[in-house]
1. With 24 Å as the limit, write out which pairs from Lys131/Lys234; Lys60/Lys234; Lys45/Lys117 have Cα-Cα distances beyond it, or answer none.
2. Per 0.36 nm of contour for each residue apart, how much would the distance between Thr208 and Lys342 grow if the chain were fully extended, relative to their Cα-Cα spacing?
3. With point charges of +1 on the Cβ of Lys and Arg and -1 on the Cβ of Asp and Glu, referenced to the Cα centre of the chain, which listed residue (Val78, Ile164, Ala331) lies farthest in the positive direction of the dipole?
4. So what are the ³J(HN,Hα) numbers for the stretch 213-227, from phi and the Karplus equation (6.51, -1.76, 1.60; θ = phi - 60°), rounded to whole Hz, Gly and Pro as x?
5. Using 0.36 nm per residue, how much length does the chain from Ser168 to Thr87 gain when fully extended, once their Cα-Cα distance is taken away?
6. So which lysines can Lys338 reach, going by Cα to Cα under 28 Å and dropping same-chain residues fewer than 8 places off?
7. Is the stretch 241-315 rounded, prolate or oblate when judged by the Cα gyration tensor, a ≥ b ≥ c being the square roots of its eigenvalues, rounded requiring a/c under 1.5 and prolate requiring a/b larger than b/c?
8. 222 nm [θ] for the chain, helices only, -39500 (n - 2.57) per DSSP H run of 4+, per residue, to 500?
Amino acid sequence: MNAPSADTSPLNDADPSIDDAVVHSIVEAALRAPSAENTQPWLLKWRDQKLEVRHDRSKKMASDVGSMLDFTGLGALVESLVLASSTHGLSARVETLPAERDSDQSSPVVAVLTFRKSTKAPDPLASFLPKRCTTRRMDPTRQVSREDRAAIATAAQAYPGVRIEWVSNDALPEIAHLTGLATSLRFEYRDFHQEIYSNLRFTHEEATRSCDGLDMATLQLPWGVAGALQFFRKWPRARLANLLGFSRAVGDTAAKEVRRSGAVGFLVVEAPSQEAFLAGGRAFLQAWLEATCLGLAFHPTAALPVFVRHGERGVSDSAPTDCHDRARRLADRFRRSKAEPKGGVLQMMFRVGYGAPPSARTLRKASSEVMQA
């Protein structure tokens, strides 16, 4: 499908006749946007016929570097709002803003959307917003065609400075191995362990009470793994289990998933900036929806991009020296690999292939919870 055409109208050329109820309907549809571990790091405010997208910094994860993951999710939300508005006969003009321009540093405005009436047909990808989901289990015998990969990459090219690179077959074993190492590392540092468990929902009651995080029913885990994860919720147990090989086993599973993909892609941006990551998030949603349109399974995986960034910028000061050293070695190995992007920053990694979607979907907070008065 073709990428959406940009609305180049002046930002102050808002349509004063747009009803608040329509805006809430657009927001409700757009809140299905993906975010790292379904943290939903956003707040919204509708005032003066403009919709502010705010970064809720209270949702920031310990493993996130420079809010890269948060901005990926925020960019996906912005793109969802643009697509959802097209189903109401509207076009959306987007202005991104540096967070420093907002005095409210707990939830600074990162983008402002202005809507106008439009005669264009709804964007075809808008119908796939409620269908998009994460699918982990993929058929290892089926590869994604060159044509489908080209369509997904083209969808991401709607935004300058953003591109998708596909991992070649000869580089895949190394990328799978590095993904396993990054995944293991995340389970071996206490702050990251606490982050994982703060976002896991082990029961349907937990999931429905919070309407965020990862419902275990959506993860398509092998039998017994959910129970093991729940047992290792307490750090002393997890630390002992890691000494016995638990974290390595988790990493091996992640590496195996990568090797069993129909294709593996990198989302690459030109620079590690808020504006670039927001654009990358918008492009990432376009690519994901295009894959959904093509009938492909899609699984974003952030462990490798995150720890490559940690290796380049350093882990938090409270991390043990071993964690710093391993992140640096991981980043060095990635830079020496055949798959390292030339002239860009790895923002996200993802798998595509063929597989049945999970039986459950992660829940989202209602618009009334994220819309500020």
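Each value in this text was obtained by applying a stated rule to the coordinates, not by laboratory testing. As the structure is a computational prediction, the values presented were derived from the model and not from experiment. So basically every Cβ, Gly included, is an ideal-geometry build from the backbone, and we count neighbours across all protein chains shown.
1. Lys131/Lys234
2. 43.9 nm
3. Ala331
4. Computed from phi, the couplings for the stretch 213-227 are x, 9, 5, 4, 5, 8, 8, 6, 7, x, 4, x, 5, 4, x Hz.
5. Gain on extension, Ser168 to Thr87, equals 25.4 nm.
6. Lys256
7. oblate
8. Result for the chain: -13000 deg cm²/dmol, rounded to the nearest 500.
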